[in-house]
1. Residues that are closer than 18 Å to G86 by Cβ, out of contact with any Pro (no Cβ under 7 Å at 6 or more places or on another chain) and of a type in the set (D, E): which helices (runs of 4 or more DSSP H) entirely in region 132-234 hold 1 or more of them?
2. Residues being at negative phi, in contact with an Asp or Glu (Cβ under 8 Å, 6 or more places away or on another chain) and touching a residue at least 60 places away in the same chain (Cβ under 8 Å): count how many of those fall in region 217-244.
3. Among the residues of region 143-158, is there at least one that is in contact with a helix residue (DSSP H, G or I) (Cβ under 6 Å, 6 or more places away or on another chain), free of Cβ contacts under 8 Å to residues at least 60 places away in the same chain and either farther than 24 Å from I251 by Cβ or of a type in the set (F, W, Y) (or both)?
4. Name the one entry in I93, I54, I80 that is within 28 Å of D130 (Cβ to Cβ), assigned to a helix (DSSP H, G or I) and in contact with a Gly (Cβ under 8 Å, 6 or more places away or on another chain).
5. Only one of V21, V102, V108 is closer than 22 Å to V242 by Cα and outside any helix (DSSP H, G or I); which?
6. Of the numbered conditions (1) over 23 Å from A186 (Cα atoms); (2) loosely packed, with under 15 Cβ neighbours inside 10 Å; (3) at pLDDT 90 or above; (4) of a type in the set (S, T, Y), T125 satisfies every one except a single condition; which is it?
7. If M139 satisfies every condition in (1) surrounded by fewer than 17 Cβ atoms within 10 Å (Cβ to Cβ); (2) over 20 Å from V232 (Cβ atoms) but one, which is the exception?
8. Residues that are on the phi > 0 side of the Ramachandran plot and in contact (Cβ under 8 Å) with a residue 24 or more places away in the chain: does region 34-54 have at least one?
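The values are calculated or read from the model by the stated rules, or taken from the named source; none is laboratory data. For clarity, every value in this text was computed on a predicted model and none was experimentally measured. When we count neighbours, we look across all protein chains shown, and the Cβ atoms used for this are built from the backbone with ideal geometry, even at glycine.
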Amino acid sequence: MTTLQAIILGIIEGLTEFLPVSSTGHMIIGSSLMGIASDDFVKLFTVAIQLGTILSVVVLYFKRFFKSIDFYLKLFVAFIPAAIFGLLFSDKIDELLESPEVVAISLVLGGIVLLFVDKIWNKNTNDDADNVKYPSAFMIGLFQCIAMIPGVSRSAATIVGGMQQKLTRKAAAEFSFFLAVPTMFAATAKKLLDFYKDGHIISSNEWSLLAIGNVVGFIVAIIAIKSFISFVTKYGFRAFGVYRIIVGCIILALLWSGHSLQII
C-alpha cells in the first residue's frame, strides 16, 4: 500500500462510514480497484482506520458522551447483539467480505429499502436520540447485526432500526452515530488481535499508513456527519437508496460480463 492509496481509502472511510451506503462495501470496492484488496495489511487497514471516524463522533457530540451513565448503558444494550453474533460468526463474516457479488446484491436490496423508509415511518415524533428506551435500544442492536453482511451498511441498518422504533430521521441517525463508537472500537480491537495472533507484525511504515488513514478519515467524517444530518432532515433517504441501487447494479453488470474488480 502506498501513501496515496492510504489517503484514498481514508477519504472513502470518512465519507461512507456514517452514510447509509455501506462503508465496508465501498472499502472493498476501492481496495479492489487499486489491486490491493487481498493484502493482509490492507484488510486490517480498512477496519483499523475506523478509529479516526469514531473520534469524529466523540468530538462532534462531546457533551452527549458526558451527559449520564444511562447513555452508556443504552449503548451497551444496543451493542450486545452485534458482539454475540460477531463472535459466533466471525469466520463466515470474513468469508463474505471476499465476495464483491454479496456487496453488490446487498447494496441493491438495501437501496430498495431506503426508497420507502421515509413513507413507512413518516409520523415518528421522538426527535431525541437520548430518549430511547432500553427495549428499543436492544431492537436497534438486532438491526445492526444485519449489517454484518457486507454491503448492507451498519448505518443504514441501525437508522432503519431506529425509525422502526419511532425515532425521527435525525434522532435515528444520531443514535446510529453513537452506537458506532463501541461497535467499531470492538471490531478494530478484534481485527488487531487476530492480525497479531496470525503472526503478523506491523512495520513502522505500516503504522505511518494507519496514522494517515485515521487522520484523513477523521477530518472527512466530521464534514460528512454535519452534511448528512442536515441533508436527511430536509430530504430523507431516497437519494441514498437510488445511489445504492445504481452502484450495486454497475458492479453486478461488470461481474456478470466477466470483468474483475481488481483492474489496476
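1. 169-197
2. Summing the residues that are at negative phi, in contact with an Asp or Glu (Cβ under 8 Å, 6 or more places away or on another chain) and touching a residue at least 60 places away in the same chain (Cβ under 8 Å) in region 217-244 gives 6.
3. Yes, the conditions are met somewhere in region 143-158.
4. Working: I93 fails: within 28 Å of D130 (Cβ to Cβ); I54 fails: in contact with a Gly (Cβ under 8 Å, 6 or more places away or on another chain).
From the options I93, I54, I80, the qualifying one is I80.
5. V21
6. Among (1) over 23 Å from A186 (Cα atoms); (2) loosely packed, with under 15 Cβ neighbours inside 10 Å; (3) at pLDDT 90 or above; (4) of a type in the set (S, T, Y), the lone unmet condition for T125 is (3).
7. With respect to (1) surrounded by fewer than 17 Cβ atoms within 10 Å (Cβ to Cβ); (2) over 20 Å from V232 (Cβ atoms), M139 is out only on (1).
8. Yes, region 34-54 contains a residue that is on the phi > 0 side of the Ramachandran plot and in contact (Cβ under 8 Å) with a residue 24 or more places away in the chain.
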